[in-house]
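**Q** Structure in structure tokens, see below.
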Amino acid sequence: MNEGSFEASKKRSDEITADLGVHPEKYLMLTGDRPTGRLHLGHYFGTIKQRVKLQDMGVTTRIVIADYQVITDRDTTANIQDNVYNMVLDYLAAGIDPEKTIIFTHSAIPALNQLMLPFLSLVTEAELERNPTVKAEQEASGHALTGLLLTYPVHQACDILFCKGNVVPVGKDQLPHIEQTRQIARRFNERYGRVFPEPEAMLTEAVLIPGLDGRKMSKSYGNAIALSATAEETAKLIKKSKTDSDRNITFDQENRPGVSALLTTAVLCGRGGTEAELAAEIGDGGSGALKKIVTEAVNGYLAPMRERRAEIAERKGYVEEIIHEGNRRANEIANATLDEVRAAMGMVY
Ligand code: TRP
């Protein structure tokens with residue numbers, strides 16, 4: 001069987017998910033995000049909520065704010081400082097506990113970045129070029145393929161391996177990168193002696209939350225509800241969302257994407273019951289009644305997070321302190337790993 005096939009990854013991922021509950025202490029989870037904007041409900045239900053759960057179960061957790069990845073497919077770092085700051089605020093508001101979880105920016109960890117050199121020697125140009133996610137990102141960017149975009153999966157391997165992460169919660173699009181990371185770990189260990197674990201992907205049970213127009217929730221589509229939005233902004237966004245003129249509300253994702261996305265959003269935000277039940281309850285109330293229910297559900301669900309966010313934002317210098325402390329701890333780990341790598345390679349002088 002092809003080890004890299006989706007079925008194989010899914011099977012391993014299911015086994016790990018089951019084992020996590022039994023032996024959380026065996027796992028070190030590393031995952032991360034690109035700081036390109038505010039986190040929204042799609043991120044929350046897709047991954048953040050699960051990170052908090054794993055953290056609270058006793059899995060060792062680390063989160064990289066992947067600032068260098070921002071320039072893989074765009075030409076600017078405008079707003080990056082503000083994006084990083086707000087990303088940390090979103091994490092903390094959502095329940096990430098900085099006492100348990102190290103939050104760091106990989107640009108601040110020199111020894112992590114230095115792993116890139118030995119790692120690049122372990123991959124071939126052909127392997128880099130056939131990564132389907134890199135290809136898709138290059139096409140979407142409309143730019144020529146840069147050296148960084150081509151090699152960022154190797155840099156992502158540095159993110160994972162510097163702290164010896166052995167489980168990486170990811171969506172399907174990130175599977176090729178995890179496969180590449182496993183290959184790098186395996187080749188390094190074979191060549192120089194065992195230093196790295198071969199990390200496993202944990203496919204997030206991605207509740208693919210639809211955006212308000214039924215397409216995938218994404219900031220670039222203008223259909224995303226940011227965790228940091230105010231109740232008024234949220235109400236406005238929901239009010240503006242596209243439904244249809246049929247007053248009778250039904251759950252029909254194919255033919256009524258807008259209406260169905262709203263129903264799903266209410267259900268995810270704890271309205272109770274299923275989408276079909278909620279639709280039946282609204283009946284002929286039309287999209288006005290539906291939107292009112294969704295607005296209440298979303299704002300009710302996000303209220304405690306927004307409150308916590310505001311409280312944390314009030315504390316002068318607190319977020320900066322979390323980042324500095326996270327980077328300090330990540331540097332300690334990275335330096336220790338790089339020392340092991342130098343020793344394994346005989347580069348000790
Ligand atoms: N590439 C990931 C994304 O776009 C972010 C990321 C960077 C990441 N480094 C990582 C995810 C390491 C998992 C592990 O979402």
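The values are calculated or read from the model by the stated rules, or taken from the named source; none is laboratory data. None of the values given here were measured: they were computed from a predicted structure. Quick reminder, even Gly has a Cβ in these numbers, built from the backbone with ideal geometry, and neighbours come from all protein chains shown.
**Q** Working only within the range 16-35, note down all residues that are part of a helix (DSSP H, G or I) and within 12 Å of the ligand (Cβ to nearest atom). Lay out the reasoning, then the answer.
**A** Looking only at the range 16-35, we keep the residues that are part of a helix (DSSP H, G or I), and these are 16-22, 24-26.
If the condition is that a residue be part of a helix (DSSP H, G or I) and within 12 Å of the ligand (Cβ to nearest atom), then no residue fits.
**Q** State yes or no: is Ile184 within 14 Å of the ligand (Cβ to nearest atom) and not charged (D, E, K, R)?
**A** Numbers: within 14 Å of the ligand (Cβ to nearest atom): yes; not charged (D, E, K, R): yes.
Yes; evaluated as a whole, the condition is true for this residue.
**Q** Show me the helices (runs of 4 or more DSSP H) entirely contained within the range 268-349 in which 3 or more residues are out of contact with any Phe, Trp or Tyr (no Cβ under 9 Å at 6 or more places or on another chain) and over 30 Å from Thr243 (Cβ atoms).
**A** Details: elements: 275-282, 286-314, 318-345.
Fully inside the range 268-349 and qualifying: 286-314, 318-345.
**Q** Of all the residues that make up the range 36-45, how many are more than 10 Å from the ligand (Cβ to nearest atom) and surrounded by 20 or more Cβ atoms within 10 Å (Cβ to Cβ)? Outline the logic, then answer.
**A** Kept after step one, since they are more than 10 Å from the ligand (Cβ to nearest atom), are these residues of the range 36-45: 37-42, 44-45.
Checking which are surrounded by 20 or more Cβ atoms within 10 Å (Cβ to Cβ) leaves us with 39-42, 44-45.
Qualifying residue count for the region: 6.
**Q** Kindly list the number of the only condition in (1) over 30 Å from Asp82 (Cβ atoms); (2) touching a helix residue (DSSP H, G or I) at 6+ places or on another chain (Cβ under 9 Å); (3) of a type outside the set (A, V, I, L, M) that fails for Thr234.
**A** (1)
**Q** Next question, about the same structure. Does the range 95-102 include one or more residues that are modelled with pLDDT of 95 or more, within 16 Å of the ligand (Cβ to nearest atom), among the aliphatic types (A, V, I, L, M) and part of a helix (DSSP H, G or I)?
**A** Taking the range 95-102 as the starting set, the residues that turn out to be modelled with pLDDT of 95 or more are 95-102.
Next, from what is left, pick out any that are within 16 Å of the ligand (Cβ to nearest atom): 96, 101-102.
When the remaining residues are screened for being among the aliphatic types (A, V, I, L, M), the result is 96, 102.
Among the residues that remain, those that are also part of a helix (DSSP H, G or I) are: none.
No: the range 95-102 contains no residue that is modelled with pLDDT of 95 or more, within 16 Å of the ligand (Cβ to nearest atom), among the aliphatic types (A, V, I, L, M) and part of a helix (DSSP H, G or I).
**Q** Return a yes/no flag: does the range 61-84 have any residue that is more than 13 Å from the ligand (Cβ to nearest atom), farther than 25 Å from Glu137 by Cβ and modelled with pLDDT of 95 or more.
**A** For the range 61-84, residues more than 13 Å from the ligand (Cβ to nearest atom), farther than 25 Å from Glu137 by Cβ and modelled with pLDDT of 95 or more: absent.
Let's see how each residue does on (1) surrounded by fewer than 20 Cβ atoms within 10 Å (Cβ to Cβ); (2) over 16 Å from the mean Cα position of the chain (by Cα):
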site	(1), (2)
Ile80	yes, yes
Thr101	no, no
Thr105	no, no
Gly147	yes, yes
Cys163	no, yes
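**Q** What is the one condition in (1) within 24 Å of Met202 (Cβ to Cβ); (2) assigned to a helix (DSSP H, G or I); (3) of a type in the set (A, V, I, L, M, F, W, C); (4) out of contact with any strand residue (DSSP E or B) (no Cβ under 7 Å at 6 or more places or on another chain) that Ile160 does not satisfy?
**A** Ile160 satisfies every listed condition except (4).
**Q** Determine whether Thr77 is polar (S, T, N, Q), outside any helix (DSSP H, G or I), within 26 Å of Ala334 (Cβ to Cβ) and in contact (Cβ under 8 Å) with a residue 24 or more places away in the chain. Walk me through it before giving the result.
**A** Details: polar (S, T, N, Q): yes; outside any helix (DSSP H, G or I): yes; within 26 Å of Ala334 (Cβ to Cβ): yes; in contact (Cβ under 8 Å) with a residue 24 or more places away in the chain: no.
No.
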